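Structure first, commentary second.
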Amino acid sequence: MLSPGVQLGNRYRLDERIASGGMGDVWRGTDQVLGRTVAVKSLLPALLDEPGFAERFRGEARTMATINHPGVVDVYDFGNDQHIAFLVMEYVEGDPLSATLSRVGRLTPARTMALVAQAADALHAAHVKGIVHRDVKPGNLLVRPNGTLVLTDFGIARSDLVGQLTAAGSVLGTASYISPEQATGQVATPASDVYALGVVAYQCLAGRRPFEGDNPLDIAMRHVRETPRPLPSDIPPQVRALVERALAKDPKERWPSAAALAGAARQLKTALSRQARAGGQAAPISAAPASPAPGRAQVPQPPRPVAAPHSPAPAHPQAVGHRPPPAHPQARPPAAPHRPTTVAPAAAGYPRGAATVPPGYAPQPGPSRPVPRRSRSGMVFLAIMLGALVLICSGVISYQLRDNIGAGTPDGVSVPTVTSDALRPDGRDDLVDTAYRRLDQPRMGGDVTTTSEGRQTR
């Protein structure tokens, strides 16, 4: 019985059991010669008693070592020690897809297509070398933290070199992912791996396997006779068609190769990712929609004249009870053609947004704009200055009048006397059409009067 600390081939130390399967256990070990971490798969002792099994397994290991693909686990060594056959492989940091599905249940169509494309590429690399995996399932698909996938566990793979060592009529593989031809004892082909990968894709999308049963034989017969339950309704039709074609009962109706399946899955993944990015962003509101919403103000397009910024935009002719939106207080004049013009929505039921004038748009002549008013602060400052000037002028005039009046008599009272050579009929003492008049005032200290002439005032 193997346990941590056991050494195989005097080189590989077993550190921790990381997986168990129908053919043996997988250990995380240490290559003590090269000082690196490896994965060691130990085979069950009972398998070595089967005639030809050890020879077939050794041939499979040699053939898999020739595959050079980033999606296929590297095979380093094969050995037999203490009646235990073991296979030394690359240790992959990551979780099996089965653990991810147990944790989250379902994957998105885009994520599923990405994993299917990588797994199909890895299978195609093996098929080119004449190897059929025959046990494609989520437990044998390791996903690294960066999202890349590695196909592992070619323990029961069949190659053309050692295919004759497979017992006639034997059934190998996991019943839930076995192809109909394998379930009936026929020889597995690359199309069998395509079917198994289709079952994996079905489980990723639906969160369940296409067939369940009480025992492996019952499940295997369901793959032969029954049609899988439809995928959930939220799966895109193109993805549904890809999986259904991979699950065809007749191998000739499936994808012609794993490479063809990989190409189709990759195209769908790209399309789904682009659609998700477009759906996650708010769609811009066009300046001239093909079917404008009723009651919504629209920006006129050339050659129509552009309305003045401070005038309300015309409502849709079919609007009922439409009220023109008020002009934006900070709307910019249309002289700048590359600045967006914001149009306020006319009704509360429509999404908010801004209609932008396309680049190169040349505004047409329209009604002249009113002269912009001065700012409130400027007008207040001007009013204060005018008021101060009036107060200063009135003070100066009042001061001069008081000074002149106070100098007329000793007691501060002066009585002006107006004389003229001749009086006019209306009582005025100035001559007709003259611009001057005479004014006689008594002087202090006597009866002498002083006559002065000045400009006529009214």
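Every number in this text was worked out from the coordinates using simple rules, so none of it is lab data. Worth saying up front: this structure is predicted, and the values here are computed from it rather than measured. Reconstructed Cβ throughout: ideal geometry from the backbone, glycine too, with neighbour counts over all protein chains shown.
Things to note:
- Selection within the range 249-268: residues that are in contact with a helix residue (DSSP H, G or I) (Cβ under 8 Å, 6 or more places away or on another chain) and part of a loop (DSSP other than H, G, I, E, B). The member of this set that is nearest to THR148 (Cα to Cα) is SER257.
- Residue that is under 38 Å from the mean Cα position of the chain (by Cα) and more than 30 Å from SER233 (Cα to Cα), where the choices are VAL72, VAL104, VAL40: VAL72
- Residues in the range 212-234 that are under 37 Å from the mean Cα position of the chain (by Cα) and crowded, with 17+ Cβ neighbours inside 10 Å: PRO228, LEU231.
- Filter result for ARG58 (more than 47 Å from the chain's Cα centre (by Cα), buried (at least 17 other Cβ atoms within 10 Å of the Cβ) and at negative phi): no
- Filter result for ALA122 (assigned to a helix (DSSP H, G or I) and under 26 Å from PRO236 (Cα atoms)): yes
- Listing of helices (runs of 4 or more DSSP H) fully contained in the range 37-119 that carry 3 or more residues being farther than 24 Å from GLY130 by Cβ and free of Cβ contacts under 8 Å to residues at least 24 places away in the same chain: 97-104
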